[in-house]
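Structure first, commentary second.
Throughout, read-outs are computed from the coordinates displayed, never taken from laboratory work. These numbers were taken from a predicted model, which means no experiment stands behind them. Note that each Cβ is placed from the backbone with ideal geometry, even for glycine, and that neighbours are counted across all protein chains shown.
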Amino acid sequence: MLTKVLRNVRALPFALLIILATVLPVLAGPFEDAIGKFTTDDFSDTEEAINAIATSGNPLAFTVISALQDGRLMFDADAKKVYVTQPDGKSIDAETGAPVASVPDSASAVRLNNRLRRSVEAAMSGLTLSSPDAGKRIEAAQSIFKTHDEAMLLAIEGALAKETNKDAKQAFTAARGAILLFKDDATEAQKLDAIAAIRDRGDQEALAMLSDVPADQPPAVTHAVASAIAAIQSRLAIWSAVQNAWYGLSLGSVLLLAAIGLAITFGVMGVINMAHGEMVMIGAYVTFVVQQVIRNSFPGLFDYALVIAVPSAFIVAGAIGILIERTIIRFLYGRPLETLLATWGLSLVLQQAVRSLFGPTNQEVANPSWMSGAFQLGQITITYNRLWILCFTLAVFVILLAMLRYTALGLEMRAVTQNRRMAASMGIATSRVDALTFGLGSGIAGIAGVALSQIDNVSPNLGQSYIIDSFMVVVFGGVGNLWGTLVGAFTLGIANKFLEPVAGAVLGKIAILVLIILFIQKRPRGLFALKGRAVEA
């Protein structure tokens, strides 16, 4: 607009030229004046320019501030011109938006310091307050909440008046409260309302902000701040307990998945299988191999790699389990010490075999898109991979219960568990049941490895991290009882996560072990006793 006026200057009367000389600075407007401040290369002028541009309402404001944030805003001090270098390589005049052939070699990037970066972040937040995307509006309000820049007060109040989304409105209210709380000329009533808004937000950032309020406040404000801090701390303590409970359920699901196969073999066969952890490891490596094959040959099926890996791991680990039972375990029944030593030696052999095939380093197993990311539930964060593992574990548990109750193999397994000699006299091939039971337990350990590959390192030592905890779960819950294994896994998982913040990770595990030993002294058969061969012996 200013350029068009200047083109017609010669056609105007002299008196009108005098009037224009007075009016033109006004016509230039705050946006054009602010752009000129970038050419001084002074931090104070740059801060004034940022605030003026953010509140100018000019359509180029977002382009200029985003370029400044990314280091793409250039200035030529001699020509008093500012340019925006766009991501596609083209350049425009920051004042008019007109394309320019090239940025002069003498131009330099507008400098920022930490204080100015915070101002830029707040300005970007203000410019996105009117975004049609509610998520972006909330992010903008949260950014303003952190900086509590007074220059954004009018923008946040205008956005709040128009906002209809409940979550965005709450974020705007908290941001407005943060600004008013630190505004020197805010009234006592405004500050009390601001404290209430920040208290309603109730997270760690709100607590930190209230803790930073200067002490030289009116008594009513000081009292309100103290009450709000106490309320937030109580609320955060409750959410912390909920978060620990969720972590405990997550850990419990992992323990259940790793221990459920062990509960079957230990309960039916009375075999202390120290190689059970290696079945978990084999399942994890099967997942790695399946994912590599799909990534290289069928990349379009990558999101389904985990679904394909589940039956593959079950079959491979189950077949290896049957082979182990037929070649080693069946010769050692009734000799628990020899069985323990043999399976321990076998675990070392399997670990070395995997090292020879895949190497000793960790292997990468990526999460599919539907298991990536997280979401907020109140003040806790829930990751999708842990949530899916919990659901998967419960599904495996239900399927296993149904198999034991409604299939012929399940009936035979329960019969052998309760009375082996009577089952044999009724025509049940106990040796075949032993082999299939060991294979079933190993197969379930294999699919446990599929799940663990999503949250742990896939390495030859993967199974060793869970074997001791698995035995503790089985003994605590009751040998051979699946419901006992379920209760034991979740109980130990939750207890572990509540003890860790108090005693530390190592002392927490030691405390859990001591408690289990004391418990077994009182109830040798665990929480849920089951009649079986091991008990009869």
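Here are the numbers for this structure:
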| quantity | calculated |
| --- | --- |
| Electrostatic dipole magnitude of the stretch 58-204 [Cβ: Lys, Arg +1; Asp, Glu -1; Cα centre; debye, to 20] | 220 |
| Kirkwood-type radius of the chain, with distances r between different C-alpha atoms, in Å | 28.9 |
| Å³ per residue enclosed by the Cα convex hull of the stretch 298-368 | 125 |
| Sorted peptide list for 455-464, 281-290, criterion being average Cβ within 10 angstrom, highest first | 281-290, 455-464 |
| Relative contact order (%) - the chain, alpha-carbon pairs under 8 angstrom, separation at least six | 15 |
| Helical contribution to [θ] at 222 nm, DSSP H n ≥ 4, -39,500 (n - 2.57), averaged over the chain, rounded to 500 | -22500 deg cm²/dmol |
| Packing-based ranking, highest mean first, of 83-90, 518-525 given that Cβ atoms within 10 Å are counted | 83-90, 518-525 |
| ³J(HN,Hα), Karplus 6.51/-1.76/1.60, whole Hz, each residue of the stretch 231-242, x for Gly, Pro | 5, 5, 4, 5, 5, 5, 5, 5, 5, 5, 5, 5 |
| The stretch 30-76-the stretch 364-426 distance, computed between alpha-carbon centres (Å) | 59 |
| For the stretch 155-213: rounded, prolate or oblate by the Cα gyration tensor [a/c cutoff 1.5] | oblate |
| Rounded to whole Hz, the Karplus (6.51, -1.76, 1.60) HN-Hα couplings of the stretch 456-465, x for glycine and proline | 9, 6, 8, 8, x, 9, 4, x, 5, 6 |
| Candidate lysines - alpha carbon under 18 Å from Lys80, same-chain residues fewer than 8 apart omitted | Lys37 |
| Label-to-label distance, nm, for residues given as Ser431 and Ile380 (7 Å Cα→Cβ offset) | 5.1 |
| Reach of Lys146 by Cα under 13 Å, taken over aspartates and glutamates that are not fewer than 8 positions away in the same chain | Glu121, Asp203, Glu205, Asp212 |
| Cβ crowding within 10 Å averaged over residues, with 346-355, 501-510, 467-476 ranked highest first | 467-476, 346-355, 501-510 |
| Cα gyration tensor category, rounded, prolate or oblate, for the stretch 455-504 with a/c compared to 1.5 | oblate |
| Partner lysines for Lys497 [C-alpha distance under 20 Å; skip if fewer than 8 residues away on the same chain] | Lys509 |
| Amide H within-cut-off set for Ala374, under 5 Å, with H built and near neighbours excluded | Tyr384 |
| Centroid-to-centroid separation of the stretch 127-189 and the stretch 450-470 [C-alpha atoms, Å] | 46 |
| J(HN,Hα) series, the stretch 58-64, from Karplus relation 6.51 cos²θ - 1.76 cosθ + 1.60, nearest Hz, glycine and proline x | 6, x, 8, 4, 4, 4, 5 |
| Simple label model, 7 Å out from Cα along Cβ direction - Ala161 to Ala230, nm | 3.8 |
